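Okay, so here's the structure we're looking at.
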Amino acid sequence: MGEPIRTERPPRLQATFAVLALVLVASCSDIQPPTMPALPSASGAHTPGRIVWIDLLTADFEEAEAFYGPLFGWTFQKTTDPDYRSISLGDEPVAGMIERDEQDNEAEAIWLTYLSVPNVNRASQEAKSSLGRVLMKPQEAPERGRVSVVADSDHAIVVLLRASGGDPAASPVRDGEFLWADLWTHDLKGAARFYKKVAGLEVKTVKKRDGSTQHLLVKDGVATAGLVKLPWKEVQANWLPYVKTADVAATARKAVQLGGKVLLQSKNTAVIQDPEGGAIGIQSKAPKGDPR
């Protein structure tokens with residue numbers, strides 16, 4: 001992501017550990033994750049260290065659909081589980097939505113990033129031993145695979161996944177599909193240690209044309225996500241996914257018209273906030289190092 005211009009308050013994902021325990025599954029609870037469809041275009045192979053799926057945790061399906069449908073051209077499909085809906089662009093699924101209980105009215109929506117790992121049990125244990133916290137113990141999610149929800153050493157939330165049918169194959173990204181993800185953190189060194197232990201990711205620092213530096217999380221020489229230093233102490237560390245759009249400025253304006261906010265904006269990138277407070281990025285092209 002390029003150097004942003006701050007236009008509103010900075011991005012934050014304020015879903016607390018308590019809310020996640022209520023919604024996703026407290027480790028000592030009998031509640032189960034929603035029945036989520038298998039990952040689309042499952043390749044039969046696994047690509048550990050790669051972001052392979054995105055879900056929106058929201059209190060209001062209809063409000064989310066009214067915002068994201070016109071914004072990105074997405075359509076929404078009910079599934080066998082009333083707490084989960086599929087998001088598609090044309091005929092292709094691109095993400096999903098999990099409906100949370102409205103027990104905490106202060107909680108904002110949150111986009112959950114799924115990170116492929118070879119062994120969820122081992123990765124979850126590594127998260128715990130690397131100053132992270134296990135929010136949902138490893139378990140089987142019907143059709144999806146084995147999952148665990150953890151918070152990293154700076155409290156950013158990530159889902160660890162071993163997909164039962166393999167990870168989706170990397171392919172060219174169309175407008176309206178997820179293009180990239182950044183980890184916004186206060187502690188770059190701590191994040192580097194955590195994700196190396198949990199997912200085998202290395203940090204690579206590259207110089208950009210404008211002289212600034214960009215930190216990338218890399219697996220087997222391929223960039224899988226970005227690592228961004230949070231400049232605001234009051235902002236919670238979080239994973240931020242980006243959707244590809246041909247015209248960042250026009251998409252940002254439309255987000256405001258639909259009841260959202262623009263939090264940060266530069267020429268090729270912006271961070272917007274939906275009416276429920278969920279932060280998501282929009283970007284016109286893939287960062288350097290992205291294989292797509």
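The numbers here are math on the coordinates, done by the rules we state, and not lab data. Computed from a prediction, not measured in an experiment: that's the story for all the values here. Glycine gets a Cβ as well: all are built from the backbone with ideal geometry, and neighbour counts include every protein chain shown.
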What does the charge add up to near PRO48, with Lys and Arg as +1, Asp and Glu as -1, over the other residues with Cβ less than 14 Å from its Cβ? +3
Would you mind calculating the gained length between LYS128 and ASP60 on full extension (0.36 nm times residue separation, minus the Cα-Cα distance), in nm to one decimal? 21.3 nm
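Once you list every other residue whose beta carbon is under 11 Å from the beta carbon of LYS197, what net charge do they have if Lys and Arg are +1 and Asp and Glu are -1?
Once positives and negatives cancel, what remains is +2.
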Could you please state, rounded to a whole Å, how far the C-alpha centre of the range 234-278 is from the C-alpha centre of the range 43-98? 17
What nm distance separates the two modelled labels at VAL203 and LYS189, each placed 7 Å from Cα along Cα→Cβ? 0.9
Expressed as a fraction of 2.2 N^0.38 Å, the rule-of-thumb size for a compact globular protein of N residues, what is the C-alpha radius of gyration of the range 142-274? 1.15
Looking only at the range 195-236, which residues have a backbone nitrogen under 18 Å from a spot 7 Å from the Cα of VAL256 in the C-beta direction? none
Say each of ASP210 and LYS233 gets a label point 7 Å from the Cα, pointing the same way as Cα to Cβ; how far apart are those two points in nm? 2.7
Using just the alpha carbons, could you tell me how many Å³ per residue the convex hull of the range 101-153 encloses? 111
